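**Student:** Sending over a structure as structure tokens; questions will come in a sec.
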Amino acid sequence: MGKVVVIDHPLIQHKLTYIRDENTGSKEFRELVEEVSMLMAYEVTRDFPLQETEINTPVGPAKTKVIAGRKVGLVPILRAGLGMVNGMLKLIPAAKVGHVGLYRDPETLKPVEYYCKLPTDLPERDLIVIDPMLATGGSAVAAIGFLKERGAKSIKLVCLIAAPEGISAVQSAHPDVDIFAGAVDSHLNDHGYIVPGLGDAGDRLFGTK
Ligand code: URA
């Protein structure tokens, strides 16, 4: 079973409070989401292996460490996932970014892929799927499934806020995927919104309603 890591760093918890606040406007919301995403990238990359290297400091030779050539792919789920990309890229600038767009078929209620553009070397990359709100888990489960169909082997899921329902859905469909969240909230309401959550992440990021 994939682990669930709630990143309870004080900076993340503090910023999440203002992200949740209904009085926070889009500009500040976007900036805070970017900052929290950068902080989350720090935790999500904690298990990256290191290798030794030798350099010269101004004082003399030193055996030091660098990340062992990991290739990373960020995969935001459109559209709200876009809000977390730049923050993560600040800490993982060499990552390539793929995009997955999904909509829910009104008849079957199943997620249908309407856009997908991914790095060609997907199987060699450590993929970080980004979806700020893990609500029912439907989109995340489907997006991870699409990536696996295309050969992805290493996938983590990062969200700002998760609901228990979404965590269970991802864990049962994709037990190999670790989930990183800033908070796990109480439940979903009748409209599928996370309670207390932050409302519609896409609308708050992009100023739509
Ligand atoms: N998507 C959102 O943007 N917010 C929720 O609470 C649930 C899904």
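The values are calculated or read from the model by the stated rules, or taken from the named source; none is laboratory data. Because the structure is a prediction, the values reported are computed rather than measured. Every residue, glycine as well, gets a Cβ built from its backbone with ideal geometry; the counts of neighbours run over all protein chains shown. Protein only, heavy atoms only, side chains kept; ligands, DNA and RNA dropped before computing areas. Shrake-Rupley method; radii C 1.70, N 1.55, O 1.52, S 1.80 Å.
**Student:** Under 10 Å from the Cβ of residue 95, count the other residues' Cβ atoms, weight Lys and Arg +1, Asp and Glu -1, and hand me the total.
**Tutor:** +3
**Student:** Where Rh is the Kirkwood radius over the Cα pairs of region 29-79, the temperature 20 °C and the viscosity 1.002 mPa s, what D in µm²/s does Stokes-Einstein return?
**Tutor:** 153
**Student:** What is the ratio of the Cα radius of gyration of the chain to 2.2 N^0.38 Å, with N the residue count, to two decimals?
**Tutor:** 1.06
**Student:** Please tell me the relative contact order of region 129-170 in percent, rounded to the nearest whole number, where contacts are Cα pairs under 8 Å and at least six residues apart.
**Tutor:** The normalised contact order for region 129-170 reaches 64 percent.
**Student:** Give me the accessible area per residue for the chain, probe 1.4 Å, as a whole number in Å².
**Tutor:** Heavy-atom accessible area per residue stands at 53 Å².
**Student:** For region 119-209, I need the span (max minus min coordinate) of the C-alpha atoms along each principal axis, in Å, sorted largest to smallest.
**Tutor:** Over region 119-209, Cα extents along the principal axes are 37, 29, 20 Å.
**Student:** As an exercise, identify the GluC sites (Glu not before Pro) in region 102-209 lying in DSSP coil whose Cβ has no more than 16 other Cβ atoms within 10 Å.
**Tutor:** 107
**Student:** Hey, any idea what % of the chain's accessible area is carbon plus sulfur with a 1.4 Å probe?
**Tutor:** The C+S portion of the solvent-accessible surface of the chain is 54 percent.
**Student:** If you take every residue apart from residue 13 with its C-beta less than 15 Å away from the C-beta of residue 13, what net charge results, scoring Lys and Arg +1 and Asp and Glu -1?
**Tutor:** Result for the local shell: -3.
**Student:** Two decimals is fine: what is log10 I(q)/I(0) at q = 0.20, 0.27 Å⁻¹ for region 105-168, from a Debye sum with one equal scatterer on every Cα and no solvent?
**Tutor:** Log10 of I(q)/I(0), two decimals: -0.85, -1.23.
**Student:** With a ≥ b ≥ c the root eigenvalues of the C-alpha gyration tensor of region 15-112, is it rounded (a/c under 1.5), prolate (a/b larger than b/c) or oblate?
**Tutor:** Judged from the Cα gyration tensor, region 15-112 comes out oblate (a/c at least 1.5, b/c at or above a/b).
**Student:** When only Cα pairs under 8 Å and 6 or more residues apart are kept, what is the percent relative contact order across the chain?
**Tutor:** Across the chain, relative contact order equals 23 percent.
**Student:** Could you grab the relative contact order for region 27-107? Cα pairs under 8 Å, six or more apart, rounded to a whole percent.
**Tutor:** This gives 34 percent for region 27-107.
**Student:** Turning to a different aspect of this structure: Can you list the trypsin sites (Lys or Arg not before Pro) in region 128-200 that are in a DSSP coil and have 14 or fewer other beta carbons within 10 angstrom?
**Tutor:** In loop regions of region 128-200 (DSSP not H, G, I, E or B), the sparsely surrounded trypsin sites (Lys or Arg not before Pro) are 150, 153.
**Student:** With the chain treated as a Gaussian network of Cα nodes joined by springs under 10 Å, which of 72, 177, 195 yields the largest mean-square fluctuation?
**Tutor:** Looking only at 72, 177, 195, the biggest GNM fluctuation is shown by 195.
**Student:** While we're looking at this one, here's another question. Quick one: among 25, 137, 101, which has the greatest mean-square fluctuation in a GNM of the chain with alpha-carbon springs under 10 angstrom?
**Tutor:** So, out of 25, 137, 101, the one fluctuating most is 25.
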